[in-house]
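Notes follow once the structure below has been shown.
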Amino acid sequence: MGRSILKNNKAAILIEILIAIGILIIMSSMVANTSATMISSSSESEKRLQAGALAQEGIEAVRTIRDYQWGAVTAGNHGLHNENRYWEFSGTSETIGIFTREITITNVDLDTKDITVAVRWDQKSLSLSLRLTNWK
């Protein structure tokens, strides 16, 4: 009878070890999955932050162009070009790394224009808008 109890204890211990290993494997996979999700989310947040900075830069560039040459702020789609430390419109959009920035200008009246700066990447987009007037 002593051997039977000893065999039962060994079997119970073996079953407990197998259950503990199973729980450890499940928890490890959950931690790995959570880590991968956090890394992916962090990468997306970084891209959205970069897109926001490019959109804001576009807004500021259009304001600068307005300040020194209102006549250059024409209706249509534009890209930007910074030459000799001055912003200019160039083409219909521009590509910066994985991002494409497009500035759309719509005439409201002679001295007022609606501006939208759209930044696209990885089938996502972000846009900022404002209304500019010829204050001079």
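The values are calculated or read from the model by the stated rules, or taken from the named source; none is laboratory data. None of these values were measured; they are calculated from a predicted model. When we count neighbours, we look across all protein chains shown, and the Cβ atoms used for this are built from the backbone with ideal geometry, even at glycine. Accessible surface areas use protein heavy atoms only, side chains included; no ligands, DNA or RNA. Shrake-Rupley method; radii C 1.70, N 1.55, O 1.52, S 1.80 Å.
Data table
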| item | result |
| --- | --- |
| Among residues of the range 83-131, those that are polar (S, T, N, Q) and touching a helix residue (DSSP H, G or I) at 6+ places or on another chain (Cβ under 6 Å), counted | 0 |
| Residues located in the range 104-136, provided they are buried (at least 16 other Cβ atoms within 10 Å of the Cβ) and more than 27 Å from the chain's Cα centre (by Cα) | LYS113 |
| Some residue of the range 71-93 being touching a residue at least 40 places away in the same chain (Cβ under 8 Å), outside any loop (DSSP other than H, G, I, E, B) and closer than 16 Å to LEU128 by Cβ | no |
| Residues of the range 69-98 satisfying the condition of being open to solvent by 50 Å² or more (accessible area, probe 1.4 Å), closer than 29 Å to SER43 by Cβ and hydrophobic (A, V, I, L, M, F, W, C) | ILE96, ILE98 |
| Criterion: of a type in the set (Lys, Arg), open to solvent by less than 50 Å² (accessible area, probe 1.4 Å) and part of a helix (DSSP H, G or I) - qualifying residue of ARG66, ARG48, ARG101 | ARG66 |
